[in-house]
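Student: One structure, pasted below without further comment.
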Amino acid sequence: MLAIAFRFPAGQYHATPWGRHVNESDVEWPPAPWRILRALIATWHRKVAPEQYQESAIEALVEDLSAVLPVYQLPRGILAHSRHYMPVREGGRDKRVLIFDAFVRIDPLDPLVVVWPDTCVEGDQLGLLRLLLRDMGFLGRAESWVEASLVDEWDGEPNCRPSELAVDTSTGEVLEPVRLAAPLDRKEYASWRAETITKQGLDGKGLKKPQRQILSTIPERLIDALRGETGTIQAAGWNCPPGARFVTYQRPSDSLTPSLRRHPAQVRQSSGITTVRVVLSGKPLPRIEDAVRIGELVRVAAIHQADRLFGAQGIPNVLSGHQLREGNRHGHAFYLPEDADGDGHIDHVLVHAENGLDAAALRALDQIDRLWTGSGSEWRVLLEQYGTIEDLQGSSYSKTAPVWVSATPYLHPWFRKKTFTIEDQIARECRERGLPAPTLEPLTSIRVKSRDRRPVHFHRFRTKRGLTQPDRQGSFWRLAFPEPIAGPLALGFGCHFGLGVFRAVDSERGQAKRV
């Protein structure tokens, strides 16, 4: 057995998974076997004199570690991020680009232990490995400072193993799958390389430039494949590093949710908390035209986390909207997707419940870390703010203002009649919400980024079957109240899921076209 302990003195681990953009705010946790071996090779190049340990020593060490998949003992951590603007040169001037820098925050004293079972390293290889671990400065990106060392005697229990089973059979604990890149062993690599060269026709003469590019990324030796530059590999068209394979590992479902992330659920007097705001990250972000789809996804994710934490009987009614007392039509949670920066894409979701979010609801919302669709789209979710609606900053949904304009189409909730028009229905909803009667003005379109959008451009239907939907077209409105009212304001059919949302406006120039 071979065990290595990694500690992160800065308390942060930064590493972008293969195939993901750095701005997707995803972190490769734990560090993939492929990444660890590349770090050892890089340290040998930078820190070890060739006359002290020749290349044959590092090659033998890499091949020994490639022959067995490691297991991990993960310390508790928290998924965190920072946001900052970076200048990007476009034409003759710099453009500010918002960068999401995600990382895992870890206690600097808690080690990440990586274990290679049934692997024994002796002699010169052992001396080289100790030297490489001593001189390794970072693992992942350069800001992931690391202190690495061999563990001579380790009797711990790994909590992250390669497996397709999403449940720990010994404890019944639900696990979380994560894909990690691991190297093929030396023989598998040689066989794969020969087969690839034959299939791609790379063994002939007069190869074209794309073929030469591919051939240059599959060298004869495994260690040279591990040395490959990511940019060169991607330019050759590989969706997986040559010489690597993706292995499904199972880590504890709460490995990135320590007590620090559960802080909102520790608030005893949670009745004063009405609103949670989360931020989405990923490329591309969903369009504001798909607001109702994202609103429904967040609700499903919240209920799923509540079910996981408390069981089906413990799902808070404020999240599901089920089994509510009489007269509580709109006291439960609204899931309101928002385009906060005006680029036409959903970057935040406001979860607001007028009657308050209890500790169980807060904990469930805090546990949401990603959304995904059946078509393969996926976004990271990070809790940004929580408190009363007055506490929130940066949202046009949470302001207090006299004038509100449609952000998504309003769909009237009752059937339209000659004596019960759309204007009558909006006025009735405002009256039932305790709001003063607004002056109503229909709008033909609203401005989304640089384009005029009509209701037909928005998705206007719930996924739940069997719902009565009196309005399938939708409309846009400007509501002017006689006095400022506090948001959020969402009316009509599907208002709890992102339809019929209004935003406060300070200036309406260029924002909407009137009938």
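Student: State all residues of region 3-36 that are open to solvent by 10 Å² or more (accessible area, probe 1.4 Å), among the aliphatic types (A, V, I, L, M) and not in a helix (DSSP H, G or I); if no residue qualifies, say none.
Tutor: Hits for region 3-36 are Ala10, Val27.
Student: Among the numbered criteria (1) open to solvent by 50 Å² or more (accessible area, probe 1.4 Å); (2) touching a residue at least 24 places away in the same chain (Cβ under 8 Å), which single criterion is violated by Val300?
Tutor: Single failed check for Val300: (2).
Student: Restricting the search to region 328-360, which residues are closer than 21 Å to Val292 by Cα and not in a loop (DSSP other than H, G, I, E, B)? Outline the logic, then answer.
Tutor: Going residue by residue through region 328-360, those that are closer than 21 Å to Val292 by Cα are 329-354.
Within region 328-360, Phe334, Tyr335, Leu336, Pro337, Glu338, His345, His348, Val349, Leu350, Val351, His352 meet the criteria.
Student: Here's a follow-up. Going residue by residue through region 98-108, is there one that turns out to be surrounded by 11 or more Cβ atoms within 10 Å (Cβ to Cβ), basic (Lys, Arg) and in contact (Cβ under 8 Å) with a residue 40 or more places away in the chain? Talk me through it step by step, then tell me what you get.
Tutor: Step one: filter region 98-108 for residues surrounded by 11 or more Cβ atoms within 10 Å (Cβ to Cβ), giving 98-108.
Next, from what is left, pick out any that are basic (Lys, Arg): 105.
This time we only want the ones that are in contact (Cβ under 8 Å) with a residue 40 or more places away in the chain, so: 105.
Scanning region 98-108, I find at least one residue that is surrounded by 11 or more Cβ atoms within 10 Å (Cβ to Cβ), basic (Lys, Arg) and in contact (Cβ under 8 Å) with a residue 40 or more places away in the chain, so the answer is yes.
Student: Looking only at region 122-173, filter to residues that are under 23 Å from the mean Cα position of the chain (by Cα) and outside any loop (DSSP other than H, G, I, E, B); which one of those is farthest from Val71 (Cα to Cα)?
Tutor: Val167
Student: Another one. Looking only at residues in region 275-293 that are among the aliphatic types (A, V, I, L, M) and over 19 Å from Tyr386 (Cβ atoms), which one is most open to solvent (accessible area, probe 1.4 Å)?
Tutor: By that ranking, first place goes to Leu285.
Student: Still on this structure, I have one more. Taking the condition of being in contact (Cβ under 8 Å) with a residue 60 or more places away in the chain, β-branched (Val, Ile, Thr), farther than 20 Å from Val146 by Cα and surrounded by fewer than 19 Cβ atoms within 10 Å (Cβ to Cβ), how many residues in region 37-83 meet it?
Tutor: Total satisfying the criteria: 0.
Student: Find all pairs meeting these conditions: Cβ atoms under 8 angstrom apart; at least six residues apart or on different chains; first residue within region 262-287 and on the phi > 0 side of the Ramachandran plot; second residue modelled with pLDDT under 80.
Tutor: Gly282/Glu24; Gly282/Ser25
Student: Separate question: In region 197-224, what residues are under 30 Å from Arg141 (Cβ atoms), out of contact with any strand residue (DSSP E or B) (no Cβ under 8 Å at 6 or more places or on another chain) and open to solvent by less than 50 Å² (accessible area, probe 1.4 Å)?
Tutor: Ile214, Thr217, Ile218, Pro219, Ile223, Asp224
Student: Next question, about the same structure. Within region 459-474, track down each residue that is of a type outside the set (Lys, Arg) and at negative phi.
Tutor: Start the filter on region 459-474 by keeping residues that are of a type outside the set (Lys, Arg), which leaves 459, 461, 463, 466-471, 473-474.
The answer is His459, Phe461, Thr463, Leu467, Thr468, Gln469, Pro470, Asp471, Gln473.
Student: Any idea which residue in region 369-399 is farthest from Glu338 (Cα to Cα), counting only those that are in a strand (DSSP E or B) and among the acidic types (Asp, Glu)? Full working, then the answer.
Tutor: At the first step, the residues of region 369-399 found to be in a strand (DSSP E or B) are 370-372, 378-387.
With the extra rule that they be among the acidic types (Asp, Glu), the set shrinks to 378, 384.
Values: Glu378: 17, Glu384: 14 Å.
Top of the filtered list is Glu378.
Student: Would you confirm whether any residue within region 174-183 is outside any strand (DSSP E or B) and closer than 25 Å to Arg35 by Cα?
Tutor: No, every residue in region 174-183 fails to be outside any strand (DSSP E or B) and closer than 25 Å to Arg35 by Cα.
This table checks each residue for (1) under 30 Å from Ser82 (Cβ atoms); (2) in contact with a Pro (Cβ under 7 Å, 6 or more places away or on another chain); (3) free of Cβ contacts under 8 Å to residues at least 40 places away in the same chain.
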| position | (1), (2), (3) |
| --- | --- |
| Asn317 | no, no, yes |
| Phe334 | yes, yes, no |
| Asp339 | yes, no, no |
| Asp366 | yes, yes, no |
| Leu371 | yes, no, no |
| Ser406 | no, no, no |
| Ala427 | no, no, yes |
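Student: Further question: From the list Ala182, Ala235, Ala244, which residue is among the aliphatic types (A, V, I, L, M) and open to solvent by 20 Å² or more (accessible area, probe 1.4 Å)? Walk me through it before giving the result.
Tutor: Values: Ala182 fails: open to solvent by 20 Å² or more (accessible area, probe 1.4 Å); Ala244 fails: open to solvent by 20 Å² or more (accessible area, probe 1.4 Å).
Going through Ala182, Ala235, Ala244 in turn, just one is among the aliphatic types (A, V, I, L, M) and open to solvent by 20 Å² or more (accessible area, probe 1.4 Å): Ala235.
Student: To continue, here is another question. Give the residue, chosen from Gly201, Gly140, that is of a type outside the set (D, E, K, R), within 26 Å of Thr217 (Cα to Cα) and without any contact (Cβ under 8 Å) to a residue 12 or more places away in the chain. Show your work before the answer.
Tutor: Working: Gly140 fails: without any contact (Cβ under 8 Å) to a residue 12 or more places away in the chain.
After applying the criteria, what remains is Gly201.
Student: Restricting to helices (runs of 4 or more DSSP H) lying wholly in region 217-327: which have 2 or more residues that are under 30 Å from Leu65 (Cβ atoms) and modelled with pLDDT under 95?
Tutor: Result: 222-226, 230-235.
Student: With a cut-off of at least 2 residues that are within 26 Å of Gly394 (Cα to Cα) and more than 35 Å from the chain's Cα centre (by Cα), name the strands (runs of 3 or more DSSP E) lying wholly within region 412-515.
Tutor: 476-486
Student: Among the numbered criteria (1) over 25 Å from Val104 (Cα atoms); (2) open to solvent by 20 Å² or more (accessible area, probe 1.4 Å); (3) in contact with a Gly (Cβ under 7 Å, 6 or more places away or on another chain), which one does Gly374 miss?
Tutor: So the condition that Gly374 fails would be (3).
The values are calculated or read from the model by the stated rules, or taken from the named source; none is laboratory data. Worth saying up front: this structure is predicted, and the values here are computed from it rather than measured. Using ideal geometry, Cβ is built from the backbone for each residue, glycine included, and neighbour counts are taken over all protein chains shown. Accessible surface areas use protein heavy atoms only, side chains included; no ligands, DNA or RNA. Shrake-Rupley method; radii C 1.70, N 1.55, O 1.52, S 1.80 Å.
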